[in-house]
Amino acid sequence: MEVEIARGLPMFDLVGLAEVAVRESRTRVRAALEQSGYPFPLRRVIVNLAPADVKKSGTGFDLAIAVAILAALGECAVEALNGWMLLGELSLTGSLRGVRGVLPQTLAARDRGFQGVIVAPDNAQEAAAVPGITVLSADTLREVCEFLSGRKDLFPARSATETPAEDALHEVLDLSEVRGQEHARRALEVAAAGAHNILLVGPPGGGKTLLARALPGILPPLEPAEAIEVTAVHSVAGTLPRGGVLLRQRPFRAPHHTASAVGIIGGGDPPRPGEIALAHHGVLFLDELPEFGKDALEALREPLEDGHVTVVRARSRARYPARFMLVAAMNPCPCGFAGDPSDRCACTDERVRRYRGRVSGPLLDRLDLYVALPPVRVAELADDPHGEPSAAVRARVEACRAVQRERNGGACNANLTARALREVAALDTAGRALLGSAADRFGLSARAVHRVLKLARTVADLAGAERVGAEHLAEAIGYRAPG
């Protein structure tokens, strides 16, 4: 932030490739200065946002612009600004308002050696979640100026590490509420234990949505580093719960099938995170998978492999983390009743082929488990819940992931590299023969074979086995067999 107060007619120039919201800060800053008791100079004020070739957006520059002008006027020492990052929007009365993206900016300030950050009270808890840097909050512009002048103290902000119940990201369904579908419940546990992607195929009312919404309840809570990453993405998107607390609950995103590719992947100008980034370290649920647009589905392929997405525009570039579990659901045919004992399906083979063809082979190849759900009998719906509750399943999942973190250097089995997979999922002669036979029978690609091995490693971890045996491999192959 560079400021010059020069001779000439009274004027307030703001340069540095600023968008509309930044240019409008001239009005807010001038009013805030006057309302805070600082006369605006009747000279030419030039503010340069450097570097000049990087586009600036948002309202978070207000506080820094105002303080830089005050420093140029001699209201506070220029040396006092060294090492401080100032973030906040100004009201016309001089009070500070919160802005988006404070957490990642605080992380950047810490990594660049800043001594501290001054933010609005609305952003205090969010910024204070970053360790290793001083975070102060101020209510008004005058308080900030007096602190930098040594006439007033600002007290460090404290981080709230728990998400209040009323601000939970989503409502979690207990797994015991799912009637029947024992095979699917087991598949869901395997998927959760290794962070595998899963496809649920079944008729309407078969429990696909219930199973998907029960998945977050059996996932372990976010690790501290994961919580900061997730909170940072939601901070940039402006979707943090009230108070900006550090998120501990894994995200669950369920966009409608009419969502655009930009809505799923991210984009805009300036770029904003999409659903896959908002689902980072959580679950992305795509119900009615074939009904999503082709562009949106095909754009998932690279993030599913890389764990991040890069959004490129003419004047901007943004990279967002996108390491999520994909849970997809679809009907077996357009009407949904193919294979139903009642023989209600009237779909022709051509209609079924076109319907299933909306999901490309390369995308399906990136899914680890295919789970067919039979219709649920009415008698099962009337029974009291008798399945395991989510807490019991989550305990096994947490134990399994702890084993993976220690063995894999923090990675889940689904994210193992080919080299690491060869070391932790080595097969004996019988296992290699079984896998080769399955690859020939089902036409598995090299990627699919690797995913079978990752699944087998997770099944073995759930069983407490050190090596992948034939029984573990057989179960993994069963999840990849086409339904």
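The values are calculated or read from the model by the stated rules, or taken from the named source; none is laboratory data. This is a predicted model, so every value here is computed, not measured. Heads up, the Cβs are rebuilt from the backbone with ideal geometry, glycines too, and the neighbour counts pull from every protein chain shown. For the accessible areas, the whole protein counts, side chains as well, though only heavy atoms, and no ligand, DNA or RNA atoms are used. Shrake-Rupley method; radii C 1.70, N 1.55, O 1.52, S 1.80 Å.
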If I ignore ligands, DNA and RNA and count only protein heavy atoms, how much of Ile133 is accessible to a 1.4 Å probe, in Å² to the nearest 10?
20 Å²
Sort the following peptides by mean Cβ neighbour count (other Cβ atoms within 10 Å, averaged over residues), highest first: 346-358, 452-464.
452-464, 346-358
What accessible area per residue comes out for the range 299-436, rounded to a whole number of Å², with a 1.4 Å probe?
55 Å²
Cβ-placed point charges (K, R +1; D, E -1), dipole of the range 256-353 about Cα centre in debye, nearest 20:
560 debye
Phi-derived 3J(HN,Hα) across the range 467-479 with the Karplus relation (6.51, -1.76, 1.60, θ = phi - 60°), rounded Hz, x for Gly and Pro, is 10, 7, x, 5, 5, 5, 5, 5, 5, 5, 5, x, 6
Per the helix-only calculation at 222 nm, which mean residue ellipticity applies to the chain, given -39500 (n - 2.57) for every DSSP H run of n ≥ 4 and division by its residues, nearest 500 deg cm²/dmol?
-11000 deg cm²/dmol
Might you list the cysteines of the chain that have no disulfide-compatible partner by the rule of another cysteine's Cβ under 4.7 Å?
Cys76, Cys145, Cys335, Cys345, Cys400, Cys412
Acute angle (nearest 10 degrees) that the helix 102-111 long axis makes with the longest principal axis of the chain, alpha-carbon atoms:
80 degrees
Mind checking Rg over Rh on the range 430-481, alpha carbons, Kirkwood formula for Rh?
0.95
FRET efficiency for Glu466 and Asp53, using Cβ-Cβ distance with R0 set to 51 Å, rounded to 0.05:
0.35
Can you give the translational diffusion coefficient of the range 311-433 in µm²/s, computed by Stokes-Einstein from the Kirkwood radius over Cα pairs at 25 °C and 0.890 mPa s?
124 µm²/s
State the extension gain, in nm to one decimal, for the chain segment bounded by Asn415 and Arg358, taking 0.36 nm per residue of separation less the distance between their alpha-carbons.
17.9 nm
Using alpha carbon centers only, the range 393-420 is separated from the range 60-105 by a whole-angstrom value of 44 Å
Once amide hydrogens are built 1.01 Å from N within the peptide plane, the residues lying 5 or more places from Gly16 or on another chain with amide H under 5 Å from its amide H are Leu49
Magnitude of the Cβ-charge dipole (Lys and Arg +1, Asp and Glu -1) of the range 396-483 about the Cα centre, nearest 20 debye, reported as 300 debye
Distance in nm between Ala481 and Arg301 label points, each 7 Å along Cα→Cβ, equals 2.9 nm
Need one number: nm distance between label points at His256 and Ala474, each 7 Å from Cα along Cα→Cβ, rounded to one decimal.
4.7 nm
Taking R0 as 35 Å and r as the Cβ-Cβ distance between Glu398 and Arg447, the FRET efficiency 1/(1 + (r/R0)^6), rounded to the nearest 0.05, comes to 0.80
Taking 0.36 nm per residue of separation between Asn82 and Asp174 and subtracting their Cα-Cα distance, the length gained on full extension comes to 27.9 nm
How many angstrom lie between the C-alpha centres of the range 348-372 and the range 214-263?
28 Å
